[in-house]
Amino acid sequence: MKIGFIGAGNMASAILRGMVRSKRFDPAVLSAFDTQAQKTAMLGEELGIGTSRSACELVEICDTVVLAVKPNVFSVLLPELREALKKRDALVISIAAGKTIDYIEGLLGYDAAVIRIMPNINATVGAAMSAYCCSARVTDEQRALAEAMCGSFGEVMPLAESMFPLFGVLAGCAPAYSYMFIDALARAGVKNGMAKADALHIAAQTVLGSAKQILESGTHPWELIDRVCSPGGTTIEGVASLQADAFDAAISRAVDAALEKDSRI
């Protein structure tokens, strides 16, 4: 089965690197096209994957086509490709935010096998959190392909399409919130006399380890908090300060604000 990517930008490149480096996918079955020919050529040389000279040429040789272009390109691109995709009966995988399966099927003009996947920026370091949903025509084999693809650059879960906007906020926006928290910890370290590079390394590794603790232990975060908080100790003092400054409420408001903004786009 040949898998082709239309678009070779940052996210597509991260996904392709993950697929190749995981050794789950032979580079010989992968191909890419981008309007910036030099970008396609460089990626092909780096990963040993095939390259195409046009989107139509790619579709003609691929059983799975990954749409890795900006959402505003869909309305022009998909009508151009519909006949070739229909003739090939290709699986269409979209990584575009905000474009529903119904929207994609409407532009294609036929009952296509469509999967939406939503990875986040952490795909670039092989630690993404991705979700996917499928149209009615998607087979178990095609679903397994999407899971293997996403699993090559992080974690993946099936999710109802109605939950995609919220997933986009929790997984897509939250890395920025995490970066802010890590930087705030590091700056507090600088304020108290530590070199920024040292403080940043300590903060980032501590957050990484804390996330790993939650995922691997299956323990509720507040139980872990209680374990760290000794009676009358320094940690509970800091936790109480965060609560007094409405830390939880600030995070909740940020999620609500991002979700409300998404509904207006």
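The values are calculated or read from the model by the stated rules, or taken from the named source; none is laboratory data. In this text the structure is predicted, and so the values were computed from the model without any measurement. Reconstructed Cβ throughout: ideal geometry from the backbone, glycine too, with neighbour counts over all protein chains shown.
Within the range 209-224, is there a residue that is touching a Ser or Thr at 6+ places or on another chain (Cβ under 8 Å) and assigned to a helix (DSSP H, G or I)? I'd like the intermediate steps shown before the answer.
As a first pass, look at the range 209-224 and keep what is touching a Ser or Thr at 6+ places or on another chain (Cβ under 8 Å): 213, 224.
Filter once more, keeping what is assigned to a helix (DSSP H, G or I): 213, 224.
Yes; the residues of the range 209-224 include at least one that is touching a Ser or Thr at 6+ places or on another chain (Cβ under 8 Å) and assigned to a helix (DSSP H, G or I).
Look through V169, V138 and report the one residue that is part of a loop (DSSP other than H, G, I, E, B) and in contact (Cβ under 8 Å) with a residue 40 or more places away in the chain. Outline the logic, then answer.
Working: V169 fails: part of a loop (DSSP other than H, G, I, E, B).
That would be V138, the only listed residue that is part of a loop (DSSP other than H, G, I, E, B) and in contact (Cβ under 8 Å) with a residue 40 or more places away in the chain.
Quick grid of which residues meet (1) hydroxyl-bearing (S, T, Y); (2) assigned by TED's automatic domain parsing to the domain that holds D256; (3) over 22 Å from N122 (Cβ atoms):
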{"residue": "Y179", "(1), (2), (3)": "yes, yes, no"}
{"residue": "D183", "(1), (2), (3)": "no, yes, no"}
{"residue": "G189", "(1), (2), (3)": "no, yes, yes"}
{"residue": "N192", "(1), (2), (3)": "no, yes, yes"}
{"residue": "T206", "(1), (2), (3)": "yes, yes, no"}
{"residue": "G209", "(1), (2), (3)": "no, yes, no"}
{"residue": "E216", "(1), (2), (3)": "no, yes, no"}
{"residue": "G233", "(1), (2), (3)": "no, yes, yes"}
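Name the one entry in T100, T124, T64 that is assigned by TED's automatic domain parsing to the domain that holds A14, modelled with pLDDT under 95 and closer than 30 Å to V169 by Cα.
On the way: T100 fails: modelled with pLDDT under 95; T64 fails: modelled with pLDDT under 95.
After applying the criteria, what remains is T124.
If you go through the range 172-182 one residue at a time, do you hit one that is assigned to a helix (DSSP H, G or I) and more than 23 Å from the chain's Cα centre (by Cα)?
no
Looking at the range 98-120 only, could you name the residues that are crowded, with 16+ Cβ neighbours inside 10 Å and within 14 Å of A68 (Cα to Cα)?
K99, I104, V114, I115, R116, I117, M118, P119, N120
Does A186 satisfy the criteria of being touching a His at 6+ places or on another chain (Cβ under 9 Å) and surrounded by 12 or more Cβ atoms within 10 Å (Cβ to Cβ)?
On the way: touching a His at 6+ places or on another chain (Cβ under 9 Å): yes; surrounded by 12 or more Cβ atoms within 10 Å (Cβ to Cβ): yes.
Yes: the conditions hold for A186.
Can you spot a residue in the range 107-120 that is in a helix (DSSP H, G or I), out of contact with any Gly (no Cβ under 7 Å at 6 or more places or on another chain) and under 21 Å from C62 (Cβ atoms)?
So the first thing to find is which residues in the range 107-120 are in a helix (DSSP H, G or I), and the list is 107-108.
If we keep only those that are out of contact with any Gly (no Cβ under 7 Å at 6 or more places or on another chain) as well, we get 107-108.
Then drop every residue that is not under 21 Å from C62 (Cβ atoms), which leaves 107-108.
Yes: one or more hits.
State all residues of the range 230-265 that are under 18 Å from A171 (Cβ atoms) and not in a helix (DSSP H, G or I); if no residue qualifies, say none.
Quick first cut of the range 230-265, residues under 18 Å from A171 (Cβ atoms) only: 251-252, 254-263, 265.
Within the range 230-265, I265 is the sole residue that qualifies.
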